[in-house]
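Below is one structure; the comments refer to it alone.
The values are calculated or read from the model by the stated rules, or taken from the named source; none is laboratory data. Computed from a predicted model, the values in this text were never measured in an experiment. As a convention, Cβ positions derive from the backbone with ideal geometry for all residues, glycine included, and neighbour counts pool all protein chains shown. Just the protein is used for accessible areas: all its heavy atoms, side chains included, with ligands, DNA and RNA removed. Shrake-Rupley method; radii C 1.70, N 1.55, O 1.52, S 1.80 Å.
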Amino acid sequence: MSDNDTPDKDATEQPEGQPEGQAQEPAAPRPRTRTAGTRTGGTRTAGGRAAGGRAAGGGAEAGAEGAAGSRAETAAEETAGARAAGPRRPGQTFEGLGSLRQAMAQATRPTPTPTAAPMLATMPEDVQPKRDAFGRSYATGKRKNAIARVWIRPGNGKIEVNGRDSPIYFARPVLRMLISQPFVVTDRLGQFDVWCTVSGGGLSGQAGAVRHGISKALTFYEPGLRPVLKHGGFLTRDSRVVERKKYGRAGARRRFQFSKR
């Protein structure tokens, strides 16, 4: 018998759910031509694939359920461990990269220490005041091109510059405030009379020279005032002077106007 007359094996099989005593009609012979959709074996294979897909889908669903269950168990264990360990400190949690950088910057930043009051150097006890026969102390002050010779002695606070009172010689209030700064810092305002001669420079430079001379004279009359005046910078000679004019230029750095035509 040829292959065309051979009945399909699947056709003779007993389907599920059919009674055994019921007769089954023989299946038609399978053609030799391999055409998609007419092949019984292909139908069976597709059915098998569908059943396998269902089985695979069921396995995937079961796997997803198992993974979800394991995740839930892990989360429950972590929560229980966190509860047992106690509340987490807020400094250990960082929300994002910006918070982490900010926390690192705060950790590396030096802790500011409270600044104490500046310690003033104490004068040696063996330093003696320098006074002349009239009970005055003399000092020389300089500022820019001005030079001042200053004498101080106890009094009521009168200041005389080149034979004139300070309000007349130094008409600007800022210049009068400048020459009274050493007395204000040392808390000796109105306790000394000042007589000085000043030459060179302008009024601003002369006022600075008088202040420098008064500060030095105070240290000679009362050596204990030197730390306060030194800390305030009144004893340092201001070395700033005007820059000299250069040849070939209108000033220190100013050039003459250039005309192309």
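Values for this structure:
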{"quantity": "Residue that is farthest from S137 (Cα to Cα), among those in region 208-240 that are of a type in the set (G, A, S) and in contact (Cβ under 8 Å) with a residue 60 or more places away in the chain", "calculated": "G208"}
{"quantity": "Selection within region 182-215 - open to solvent by 50 Å² or more (accessible area, probe 1.4 Å), assigned to a helix (DSSP H, G or I) and not β-branched (V, I, T)", "calculated": "L203, S204, R211"}
{"quantity": "Residues located in region 134-149, provided they are of a type outside the set (K, R), assigned to a loop (DSSP other than H, G, I, E, B) and under 12 Å from G200 (Cα atoms)", "calculated": "N145"}
{"quantity": "Every pair of residues 6+ apart whose Cβ atoms lie under 9 Å, when the first sits in region 172-194 and is free of Cβ contacts under 8 Å to residues at least 40 places away in the same chain while the second is polar (S, T, N, Q) and open to solvent by less than 40 Å² (accessible area, probe 1.4 Å)", "calculated": "L175/S166; L175/Q206; R176/S166; I179/S166; S180/S166; L189/S180"}
